[in-house]
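Written out below as structure tokens is the structure these notes cover.
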Amino acid sequence: MTDVNLTPEPPAPSPSPSRRRFFRWTAIAATAAVAALATGIGVRAFAHGWGPGGWHRGGFMHGHGPIDPARLDQHLDRMLKHLYVEIDATEAQKQALAPIVKAAARDLLPMRDKFRDAHGQIATLLTQPTIDRAALESLRASQLKLAEDASRRVTRAVADVADVLTPEQRKGIAEHIARRHGSRG
């Protein structure tokens, strides 16, 4: 007779409440940073979309379907023109801001597709006869990393834009965001 250990393995330790809170606030901060970039830096294209249906109120990162990079550039140009007027940008600032905003948008575009694809993967995993917890955990971990990467990229773009603007212009953008979002922050 073989010796069988019938003692159940202890469950894997769950993340501490402070760690869960950190990850939740990181995801919220990433979303807020994308929203701030989209609204405050004049890339409102992300938030509002264009054409019939726009991006269905989900914003840039949660829209449906692919975004044509050429149309994205055209829309960014239009949004940047609005920004330039709002902040009374100099020619030198215009020349510096456009590449920063466009590069950030191009870098975030593939991340948007990965976020969208994960929704389909979750649906597939949850409709299987048995739930693959390891696959769900792997997907969760990859989405957290992706959110962190997006947050890091947006933060870098916001800092780069801030370097180009004067303190008065940055204050004007902050006031614009406050007016636009009201109590939502």
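The values are calculated or read from the model by the stated rules, or taken from the named source; none is laboratory data. Remember, predicted model here, so these are calculated numbers, not experimental data. So basically every Cβ, Gly included, is an ideal-geometry build from the backbone, and we count neighbours across all protein chains shown. Calculation scope for accessible area: heavy atoms of the full protein, side chains included, ligands and nucleic acids excluded. Shrake-Rupley method; radii C 1.70, N 1.55, O 1.52, S 1.80 Å.
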Discussion item. Tell me whether the range 102-117 contains one or more residues that are under 18 Å from Arg170 (Cβ atoms), of a type in the set (Gly, Ala, Ser) and assigned to a helix (DSSP H, G or I).
Written reply: yes
Practice prompt. Select, from Gln143, Gln128, the only residue that is assigned to a helix (DSSP H, G or I), of a type in the set (S, T, N, Q) and either in contact (Cβ under 8 Å) with a residue 12 or more places away in the chain or more than 22 Å from Asp68 (Cβ to Cβ) (or both).
Written response: Gln143
Worksheet item: Pairs, please: C-beta under 9 Å, at least 6 apart or cross-chain, first residue over 29 Å from Lys81 (Cβ atoms) and in contact (Cβ under 8 Å) with a residue 12 or more places away in the chain and in the range 98-124, second among the small types (Gly, Ala, Ser) and open to solvent by less than 40 Å² (accessible area, probe 1.4 Å)?
Response: Gln121/Ala135
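Which one is most open to solvent (accessible area, probe 1.4 Å), of the residues in the range 101-142 that are farther than 30 Å from Met79 by Cα and charged (D, E, K, R)?
First, pick out the residues of the range 101-142 that are farther than 30 Å from Met79 by Cα: 120-142.
Retained after the next criterion (residues that are charged (D, E, K, R)): 132-133, 137, 140.
Working: Asp132: 74, Arg133: 190, Glu137: 88, Arg140: 109 Å².
My answer is Arg133.
Output the residue which, of all residues in the range 86-101 that are in a helix (DSSP H, G or I) and touching a Leu at 6+ places or on another chain (Cβ under 8 Å), is nearest to Thr155 (Cα to Cα). Quick ask: steps written out before the conclusion?
First, pick out the residues of the range 86-101 that are in a helix (DSSP H, G or I): 86-87, 91-101.
Next cut, touching a Leu at 6+ places or on another chain (Cβ under 8 Å) only: 87, 93-94, 97-98, 101.
Values: Ile87: 20, Gln93: 19, Lys94: 20, Leu97: 15, Ala98: 16, Val101: 12 Å.
For the range 86-101, the residue satisfying everything is Val101.
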